[in-house]
Amino acid sequence: MFRIFIDGAEGTTGLRIYDRLSARKDIELLTLEGPLRKDPEARRKMLNTADISFLCLPDEAAIEAVSLLENENAKIIDASTAHRTKEGWSYGFPELSYELKERIINGRFTAVPGCHASGFEALVFPLVKRGIISDFLPLSCFSVTGYSGGGKKMIAEYESESRDKSLDSPRQYALGQNHKHLKEMQYITGLKYKPVFSPVVADFYSGICLTVPLHASQLTEPMRVNDLREVYAQHYAGSKVISVSFDDDIAHLPANALSGKDSMKIGVYGNDERIILTAVYDNLGKGASGAAVQCMNLMLGLPETAGLELD
């Protein structure tokens, strides 16, 4: 039985990881109660006792937690932004490449991708890798997400009976183009420029629909919608988590279609001139806790999708 500690188990990501693991018979969950959750010595003991610790913490607290590690066999999965582009850390998106997956399996430290970054990378990485788009191509993307991505404070705001009427409408944010996911979006895909990123938060609990628009003329070779679908189908062949839609008969694409699930669905739509690439998934699933549990399974040599809720 593996010993697992969730540092920050009271947050949305930590709670979702706890739910995924609490029913498993191969996992012993180590917990701290009350004031001990913030006690450095109690946390140090747990971090060094556990086989793997999940860090569901703000960046500074995640960095502090890593500094408390003394046991060379103890492993870390960090759900914060702190280590996603840091040397010596594996990036927790095993479907992107064989090399990334091997680093997760054999590594000691894994950083879970950001929720928006996950969809962008799933769409752009295969095209850059295949040379279908140039790494010099300036891209844009927009993302519609549920309010749970903003954590407990935002959840409370949206679910308050006396909430501000502005919450009734979708709200675009990160208007200064400084969203914290941009760094990894560029770094992991290998793009020379950060994308123009326009995230929108709306009045539903969880889910993301992220879209990257393209002109067909921006591709390095003539390709139609079905050709691009085939590219994704080949890249994600064998994955039980990521699937590709070949359905043209879609009038609407709801962002909450995979709410509560840990899977992701890739779509390509449009025509011979203008194309939209889409990724639909749960910001708390493949965009956070589902990805974290998937990485834990790989690091422990367990079946990759054990404990995941898949469509």
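Values in this text are rule-based calculations from the coordinates and carry no lab data. All of these numbers come straight from a predicted model, not from anything done at the bench. A quick note on method: Cβ atoms are made from the backbone with ideal geometry, for glycine too, and the neighbour counts reach across all protein chains shown.
Quickly work out the L310-to-S97 label distance, labels modelled 7 Å from Cα along the C-beta direction, and quote it in nm with one decimal.
Spacing of the two 7 Å Cα→Cβ label points: 2.4 nm.
Specify which residue in the list G11, Y147, T110 is farthest towards the positive end of the charge dipole of the chain, using unit charges on the beta carbon of Lys, Arg (+1) and Asp, Glu (-1), about the Cα centre.
Toward the positive end, the furthest listed residue is T110.
Output the 0 to 90 degree angle, nearest 10, between the alpha-carbon long axis of helix 40-49 and the longest principal axis computed from the alpha carbons of the chain.
For helix 40-49, the angle is close to 80 degrees.
Once the piece of chain linking E221 and A257 is laid out straight, how much longer is it, given 0.36 nm per residue of separation minus the C-alpha distance between them?
Values: separation 36, 0.36 × 36 = 12.96 nm, distance 3.24 nm.
So the chain would gain 9.7 nm between E221 and A257.
How much FRET efficiency would the formula 1/(1 + (r/R0)^6) give for Q172 and R130, where r is the Cβ-Cβ distance and R0 is 35 Å, rounded to 0.05? Show your work: numbers first, answer last.
On the way: r = 32 Å, r/R0 = 0.90.
The calculated FRET efficiency here is 0.65.
HN-Hα J couplings of segment 208-224 from phi, Karplus 6.51/-1.76/1.60, θ = phi - 60°, integer Hz, Gly and Pro as x?
9, 10, 9, 10, 10, x, 9, 8, 4, 5, 7, 7, 7, 8, x, 9, 9
About the Cα centre of segment 171-279, how large is the charge dipole given +1 on each Lys and Arg Cβ and -1 on each Asp and Glu Cβ? Please answer in debye to the nearest 20. Provide the component values of the computation, followed by the final result.
Numbers: 11 positive and 11 negative charges, 115 e Å.
Approximately 560 debye in magnitude.
Would you please give the residues with an amide H less than 5 Å from that of I6, counting only those at least 5 places away or on a separate chain, with H modeled from the backbone geometry?
Amide H neighbours of I6: L30, F54.
Have a look at I208, T189, V244 and report the one farthest towards the positive end of the charge dipole of segment 115-283, computed about the Cα centre with Cβ charges (Lys/Arg +1, Asp/Glu -1).
Among I208, T189, V244, the one farthest towards the positive end of the dipole of segment 115-283 is T189.
Given R₀ = 51 Å, FRET efficiency for I276-N71 by Cβ-Cβ distance, to 0.05?
Working: r = 47 Å, r/R0 = 0.93.
With a Förster radius of 51 Å, E is 0.60.
Please report, in debye to the nearest 20, how large the charge dipole of the chain is about its Cα centre when each Lys and Arg carries +1 at its beta carbon and each Asp and Glu carries -1 there. Working shown, then result.
On the way: 34 positive and 41 negative charges, 81 e Å.
Roughly 380 debye for the chain.
As I understand it, the value is the acute angle between the Cα axis of helix 12-22 and the longest principal axis of the Cα atoms of the chain; what does it come to in degrees, rounded to 10?
Helix 12-22 sits roughly 70 degrees off the main axis of the chain.
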